[in-house]
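In what follows, a single structure is set out as structure tokens and then discussed.
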Amino acid sequence: MSDSQNGALSQERALDAAEYVLGTLDSDASKRLERELPDDGALRAEVDYWQDRLGALGLALAPVEPPAEVWQAIAERLGLGLDEIGTRRASRHGGRRTKTPATSRSRFWPGLAIAASIVAVVLAAVLFNSGVYEQTRTAPQPAYASVVYDKDTGNSWLVTAPEDPQQLVVTAMGRYPLPEGKVMRAWLKPADEAPIYIGTWPYKAGKHRLKLPPDAAKDITQKPSQLMVTMEDASVPASSSPNGPLLWASPVGRQHTG
Amino acid sequence: MADREQLIEWLAATAAGDEKAFQRLYASTSSQLYAVLLRILRSPDRAQDALQDAYIRIWQKADTYSPERGAPLTWLVSIARYRALDLLRRKRPEVAMPEEPDMIATLLEDDQGLSPLEENENQQSLDAIRECLSTLAPQQRDGVLLAYYEGLTHQELVSHMDAPLGTVKSWIRRGLLRLRECLAEVLS
């Protein structure tokens with residue numbers, strides 16, 4: 001039972017919070033305090049207070065411009081779809097990707113365990129015929145669609161793309177509980193080919209965009225493709241092949257017009 | 001450096017997944033965070049790694065920030081500093097001795113960190129903590145400054161300040177207590 005539930009923090013506890021922020025609280029005590037933070041509002045407020053006050057000491061230093069490579073590395077790790085980075089990624093994939101026969105498909109998922117949360121795939125026709133697009137009836141119907149659904153958490157993502165797609169629009173319905181230090185990565189896997197990395201899969205609710213490298217954009221129009229999401233280590237940059245367990249796979253459906 | 005309201009807006013937009021806002025947030029704040037990391041880690045390579053990690057964390061945690069928690073820039077600085085401390089705990093940089101606290105105190109006297117047209121809130125915060133640090137007993141002040149700018153642990157302070165562990169802990173605790181009391185008066 002936290003002493004803060006009866007009101008203000010004890011002085012000892014408040015000083016623990018201060019030392020935690022300063023960095024002088026020993027390792028065990030720090031870990032204990034971190035565990036208590038989510039449930040202790042007064043403790044959190046005290047930590048915030050010291051972060052704000054001691055943080056001012058950081059402002060006394062003259063700013064130093066970091067090298068441009070730092071931002072590039074950040075954008076790469078997060079799979080940000082900003083123009084220059086998107087282009088770079090596209091050219092890298094264009095250069096290294098090779099076609100592979102179906103029998104070798106397993107080699108692109110080395111040592112992976114299929115996560116238990118892969119569920120029955122929702123066909124794109126359901127999406128097109130559902131009430132989802134009621135509010136966007138004035139907007140053009142998507143040409144491509146996919147739905148990713150996690151049965152454990154109930155999280156779902158709607159994925160759409162127009163004719164001649166340059167990007168996928170991913171609408172995350174709710175926030176996915178992404179574990180600390182992890183990142184979800186999205187791949188487009190055309191039939192009989194290796195998966196192509198298309199960016200970071202969003203865990204935050206709302207609309208996100210995944211830029212499609214030119215090869216992926218072409219494949220999606222020419223052959224049946226699957227959208228796949230893996231769980232990977234955030235500290236390891238995305239590489240040309242998946243590096244973590246497969247979370248979900250969903251076919252990308254094509255709306256037949258006319 | 002963008003003002004407080006702009007940073008708050010960019011953080012909120014980043015929380016909603018707005019990549020352009022995140023890039024602007026980075027462009028505006030990274031030089032301050034990099035300065036802090038260089039100071040603590042002493043190595044451009046390590047500071048650059050830590051800066052990357054810090055902004056990855058900022059991207060992930062942007063939705064946990066709210067103005068009630070404190071100024072946006074000090075929140076960002078804290079994230080960067082925690083990352084530096086994590087790295088320090090794994091490997092102390094190959095530097096002979098930390099800087100003397102007097103040099104650090106001198107640093108606090110100059111206004112080199114903030115430009116003359118800096119927004120008021122940050123300037124007030126810095127002025128307040130400078131003023132309050134000057135009211136601490138010298139060893140209390142030195143202990144707090146060495147811990148903040150050098151990332152020294154109690155044990156390392158024992159070596160550096162040549163005093164027993166209990167004494168060092170007491171300097172830090174009393175220093176922080178005195179700071180809190182003073183800040184409450186100064187900022188009320």
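The values are calculated or read from the model by the stated rules, or taken from the named source; none is laboratory data. This one's a predicted model, so the numbers in the text were calculated from it and none came from an experiment. A quick note on method: Cβ atoms are made from the backbone with ideal geometry, for glycine too, and the neighbour counts reach across all protein chains shown. Accessible surface areas use protein heavy atoms only, side chains included; no ligands, DNA or RNA. Shrake-Rupley method; radii C 1.70, N 1.55, O 1.52, S 1.80 Å.
Quick notes on this structure:
- Residue identified as out of contact with any Cys (no Cβ under 7 Å at 6 or more places or on another chain), surrounded by 14 or more Cβ atoms within 10 Å (Cβ to Cβ) and in contact (Cβ under 8 Å) with a residue 40 or more places away in the chain among A:192, A:233: A:192
- Residue among A:28, A:40, A:52 that alone is closer than 18 Å to residue B:181 by Cβ and among the charged types (D, E, K, R): A:52
- Residue check for residue A:225: out of contact with any Gly (no Cβ under 7 Å at 6 or more places or on another chain), of a type in the set (Ser, Thr, Tyr) and open to solvent by 30 Å² or more (accessible area, probe 1.4 Å): no
- Filter result (in contact with a strand residue (DSSP E or B) (Cβ under 6 Å, 6 or more places away or on another chain) and within 20 Å of residue A:146 (Cα to Cα)) within the range A:221-241: A:223, A:225, A:226, A:227, A:228, A:229, A:230, A:231
- Subset of the range B:11-59 (residues that are open to solvent by 40 Å² or more (accessible area, probe 1.4 Å), more than 13 Å from residue A:64 (Cβ to Cβ) and of a type outside the set (D, E, K, R)): B:12, B:16, B:23, B:27
- Sole residue being within 18 Å of residue A:56 (Cβ to Cβ) and facing chain A (nearest Cβ under 10 Å), chosen from B:34, B:26: B:34
Per-residue answers, yes or no, for (1) open to solvent by 10 Å² or more (accessible area, probe 1.4 Å); (2) within 11 Å of chain B (Cβ to nearest Cβ):
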residue	(1), (2)
A:9	yes, no
A:18	no, yes
A:30	yes, yes
A:44	yes, yes
A:50	no, yes
A:56	no, yes
A:63	yes, yes
A:71	yes, yes
A:78	yes, yes
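- Filtering A:232, A:163 for residues that are under 26 Å from residue B:62 (Cβ atoms) and either outside any strand (DSSP E or B) or modelled with pLDDT of 85 or more (or both) leaves a single hit, A:232.
- Cβ pairs under 6 Å, 6+ apart, first in the range A:6-32 and part of a helix (DSSP H, G or I), second charged (D, E, K, R) and open to solvent by less than 50 Å² (accessible area, probe 1.4 Å): A:14/A:46; A:15/B:173; A:17/A:46
- Number of residues in the range A:171-183 that are over 14 Å from residue A:206 (Cα atoms) and crowded, with 20+ Cβ neighbours inside 10 Å: the value is 1.
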